[in-house]
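The values are calculated or read from the model by the stated rules, or taken from the named source; none is laboratory data. Keep in mind that what you see is a predicted model, and the values were worked out from it rather than measured. As a convention, Cβ positions derive from the backbone with ideal geometry for all residues, glycine included, and neighbour counts pool all protein chains shown.
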Amino acid sequence: MKITQMRYDSGKNRFVVDTEGPRFFLRYETINQYDLKKDMDIAPYADLFTEETERLMATDYVFKMLTSRAASSHEVRIRLQRRKTPASIIEEVLSYFIEQDLLDDSAYLRASVKDQIEIKGYGPWRIVANLRTKGYEKEEVLSVYGTLSTAEEETRRAETYAKTQWPLLRGKTLQHRKKKLSDRLLRQGFSYDVISDILGNLDE
């Protein structure tokens with residue numbers, strides 16, 4: 001497996017090494033350590049270079065992912081698994097980003113809960129459901145939620161949402177309209193007690 005071409009990719013700070021077989025992405029240190037040059041047979045190092053290529057590709061992918069939006073380590077792991085990245089490299093890459101403070105699950109959780117309370121107006125159970133897909137357990141989500149929203153604030157958010165929805169709902173009876181509103185409040189994640197209080201104060 002001889003090298004057919006080598007070039008430096010300044011945008012990604014790595015060398016692109018084409019061979020008679022696969023293409024490798026390698027660090028400058030690797031190029032220097034093995035004194036790589038055109039026409040050199042690198043078959044003995046193929047496994048090593050494949051691993052480094054996988055690592056650099058995974059790191060670059062995660063950088064792009066985190067540049068476009070914040071994410072939890074669980075999300076990053078799932079995305080890398082879908083790309084068939086080897087498990088050992090996934091853990092290496094995650095450790096690197098955590099050590100560099102580019103991945104912070106606690107900060108991400110708090111920011112996500114705050115956003116869903118203040119911007120989207122959700123109740124606790126919608127937030128729990130949303131963040132379970134990001135790898136967080138119910139207890140840790142509710143713990144953070146409790147530091148950002150009181151029961152009174154939750155009730156006010158539910159009341160505000162109900163006031164916007166109630167005039168839009170149609171039904172043959174008052175109970176039918178209340179059922180529709182209850183379903184919408186449940187989808188927003190509000191508790192049964194909060195919903196019950198709101199419905200009890202509604203009339204035509």
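Overview of results
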{"read-out": "Residue ID - surrounded by the most Cβ atoms within 10 Å (Cβ to Cβ), chosen from residues in region 78-115 that are hydroxyl-bearing (Ser, Thr, Tyr) and under 23 Å from residue 53 (Cα atoms)", "value": "85"}
{"read-out": "Every pair of residues 6+ apart whose Cβ atoms lie under 7 Å, when the first sits in region 88-108 and is over 15 Å from residue 77 (Cα atoms) while the second is hydroxyl-bearing (Ser, Thr, Tyr) and in a helix (DSSP H, G or I)", "value": "none"}
{"read-out": "Of residues in region 173-204 being hydrophobic (A, V, I, L, M, F, W, C) and within 29 Å of the chain's Cα centre (by Cα), the one nearest to residue 150 (Cα to Cα)", "value": "190"}
{"read-out": "Residue pairs meeting the criteria (Cβ under 8 Å; at least 6 apart or on separate chains; first closer than 14 Å to residue 57 by Cβ, in region 2-13; second assigned to a strand (DSSP E or B) and of a type in the set (Val, Ile, Thr))", "value": "9/16"}
{"read-out": "Neighbours by Cβ (under 8 Å, 6+ apart or cross-chain): first from region 34-54, in the same structural domain as residue 7 (by TED's automatic domain parsing); second assigned to a helix (DSSP H, G or I) and surrounded by 14 or more Cβ atoms within 10 Å (Cβ to Cβ)", "value": "34/45; 36/30; 42/49; 49/30; 51/89; 52/30; 54/89"}
{"read-out": "Test for residue 165: is it in a helix (DSSP H, G or I), out of contact with any strand residue (DSSP E or B) (no Cβ under 8 Å at 6 or more places or on another chain) and over 23 Å from residue 78 (Cβ atoms)", "value": "yes"}
{"read-out": "In region 89-114, the residues that are touching a Ser or Thr at 6+ places or on another chain (Cβ under 8 Å) and hydroxyl-bearing (Ser, Thr, Tyr)", "value": "96, 108"}
{"read-out": "Residues being in contact with a Ser or Thr (Cβ under 8 Å, 6 or more places away or on another chain) and loosely packed, with under 14 Cβ neighbours inside 10 Å - total across region 24-38", "value": "1"}
{"read-out": "Some residue of region 144-166 being touching a residue at least 40 places away in the same chain (Cβ under 8 Å), under 27 Å from residue 67 (Cβ atoms) and in contact with a Phe, Trp or Tyr (Cβ under 8 Å, 6 or more places away or on another chain)", "value": "no"}
{"read-out": "From 75, 54, residue being touching a Ser or Thr at 6+ places or on another chain (Cβ under 7 Å) and acidic (Asp, Glu)", "value": "54"}
